[in-house]
1. Quick one: Cα centre-to-centre distance for the stretch 175-232 and the stretch 237-282, in angstrom?
2. With labels modelled as points extended 7 Å from the Cα through the Cβ direction, what inter-label distance (nm, one decimal) is found for residue 123 paired with residue 180?
3. For residue 143 paired with residue 74, estimate the spin-label separation in nm (one decimal), with each label point 7 Å from Cα along the Cα-to-Cβ line.
4. As a test of the definition: which semi-axes, in Å, follow for the chain when you take the square root of five times each eigenvalue of its alpha carbon gyration tensor? Largest first, please.
5. Please check: in the Gaussian network model of the chain (C-alpha springs, under 10 Å), which one of 301, 224, 208 has the largest mean-square fluctuation.
6. Of the beta bridges DSSP finds with both residues in the chain, what % are antiparallel, to the nearest 5?
7. Please build a GNM for the chain, connecting alpha carbons under 10 Å apart, and tell me which residue among 257, 26, 314 fluctuates the most.
8. Report the residue, chosen from 119, 35, 254, that carries the largest GNM mean-square fluctuation when the chain is represented by alpha-carbon nodes joined by springs under 10 Å.
C-alpha cells in the first residue's frame, strides 16, 4: 500500500503539466475475403478537439470521451494492439486505449469471434489459433490499407492482452501451444477454471485446420500480458528461447481460480530474465485490469447475473482508478524502454 501511495503522488506531480492529445475514435469491419469477419475499434491522436462523445459506458461501467472519426493528427505515432479476455470485448481496455492515445499512441482492439461477449459460437471459440490470427489480420489492415497508415510507426508495435488476451499475445511473441504438456499439468494440478476451458477452446484435442508450430508475428516488437490464463499450455522450451521483450503484469489477489503464481509466474519462471519484466500488484484482482465500475455496479450486476459482480471487485479495498495509474506508468515505461 505504501509503494502504491508514494507512486501515485509522484506520478501526479510528474504528469500534471503533460499535454494530452484529443482522442479520435473509429470502428471498422475487417472482412478481407474471410469467413471470420472482425469488428475493430481504433483510438488515435486527433487534431479535432470537438465534438466529444462518450463511448464504452453503460449502467455498470464508466466510459471515456473521444471525438468520433476525428481528423488524425499529423506525424507518426507508435502502434498498440489489444486483445480482450475470455468472453470480453473491446470496451474492457477502453480506459487503457484512451490513455495511450492521449499520450501519442495509435491503438486498435477487436472482438474475437467465439470468445467475445457478442459472439459465443462454439465452432469459432474452438479455433484457438485464430485469436492470434485476428491480431495479425488487424496489423495487416493497419500497416497496409488503413487511412492511418501515414501516421503509424511500423517499427514500433506493441501487443497487449488481458487474461485469454494475454495468452493470445504470448502466441504472437513466439510462445508455442503444447497440448500434451497442458494435459499433464492439468493432471498434476487441476485448476477447474483453466483446465475446464480446454474443450470449449479446442485445446483438449486437435481441431480441423489447426495450425502447429510458431504463430509469432515479427512485426510486434514487444508484448504485455495482463494477468493471463492458460500459461501452462506454453511449451517450456518455447518460453526459454523467447526473444520478444515481455512485460508480465499479475494480480496478487487470487479470486479463487486463477492463482498468478501458476499463470504469470509460469511465464516468469521460464522466459529469460534479461528479456522480461515481472510485476505483481498485491492489491489488484484479475478484473482490476478492466474498465472502472460505477457506484452500485456490484449490486446491480449481482441482481442480473449472480456471481458476476466479481468483475468490479478489487483487492484490499483499493481504488481501481489508483491501480490503473500505477499499471499505466509501468506499461509506458516498458514500451519506451524496449
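Read-outs: derived from the displayed coordinates by stated rules, not from any lab. Keep in mind the model is a prediction, meaning the values are calculated, not measured. Using ideal geometry, Cβ is built from the backbone for each residue, glycine included, and neighbour counts are taken over all protein chains shown.
1. Going from one Cα centre to the other spans 15 Å.
2. Computed distance between label sites residue 123 and residue 180 equals 3.1 nm.
3. Taking the two extended label points, one gets 2.7 nm.
4. Each semi-axis is the square root of five times an eigenvalue, giving 28, 24, 21 Å.
5. Looking only at 301, 224, 208, the biggest GNM fluctuation is shown by 208.
6. Of all bridge pairs located within the chain, approximately 40 percent are antiparallel.
7. So, out of 257, 26, 314, the one fluctuating most is 257.
8. Sorting by GNM fluctuation, first place goes to 35.
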